[in-house]
Amino acid sequence: MAQFDVHRNAGRQREAIPYVVLVQSALFDAYRRRVAVPLVRLAVLGTVNNPHLNPIFEIENVAVVLHPLDIASVANEQLGEFVVSLAGEGDRIVAALDELLTRAWG
């Protein structure tokens, strides 16, 4: 498992959230959990008001939206199968997390 790997969501909400993307640094690979951000179907969300916070990706011909407000820690054994790496989109993912965590607004 590597940073920006996309896995199938094995949880209850897999219809609306078909994938999660791992965002934690490789420094913590020895831990038994991974920090993951849901990738929600664009069709479920409808409008994306802030594309910096919620960039859109296409995975297996499905438009999905990064949803960092629902970031979670997931046990490794609860992750579904690996689908694809978004390492090439790493800057956009980190920028979205920066948008969420920035102190510029208070």
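The values are calculated or read from the model by the stated rules, or taken from the named source; none is laboratory data. Because the structure is predicted, anything quoted here is derived from the model rather than measured. So basically every Cβ, Gly included, is an ideal-geometry build from the backbone, and we count neighbours across all protein chains shown. Side chains are part of the model used for accessible areas, which takes the heavy atoms of the whole protein and leaves out ligands, DNA and RNA. Shrake-Rupley method; radii C 1.70, N 1.55, O 1.52, S 1.80 Å.
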| request: Show the residue pairs that are 6+ apart or on different chains and have beta-carbon atoms under 6 Å apart, the first residue being within region 71-87 and part of a loop (DSSP other than H, G, I, E, B) and open to solvent by 40 Å² or more (accessible area, probe 1.4 Å), the second being among the acidic types (Asp, Glu) and at pLDDT 95 or above. | output: none
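So that you can scan it fast, the table gives a plain yes or no per residue for (1) farther than 15 Å from Ser73 by Cβ; (2) in contact (Cβ under 8 Å) with a residue 24 or more places away in the chain:
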{"position": "Ala2", "(1), (2)": "yes, yes"}
{"position": "Asp5", "(1), (2)": "yes, yes"}
{"position": "Arg12", "(1), (2)": "yes, no"}
{"position": "Ala16", "(1), (2)": "yes, yes"}
{"position": "Ala36", "(1), (2)": "no, yes"}
| query | Does region 27-44 hold any residues that are assigned to a helix (DSSP H, G or I) and open to solvent by 70 Å² or more (accessible area, probe 1.4 Å), and which are they? | reply | Leu27, Phe28, Ala43, Val44
| Condition met for Val65 (open to solvent by less than 70 Å² (accessible area, probe 1.4 Å), under 11 Å from the mean Cα position of the chain (by Cα) and not hydroxyl-bearing (Ser, Thr, Tyr)) | yes
| said: Would you confirm, using the coordinates I've provided, whether Asp98 is under 14 Å from Asp5 (Cβ atoms), among the acidic types (Asp, Glu) and surrounded by fewer than 16 Cβ atoms within 10 Å (Cβ to Cβ)? | reply: no
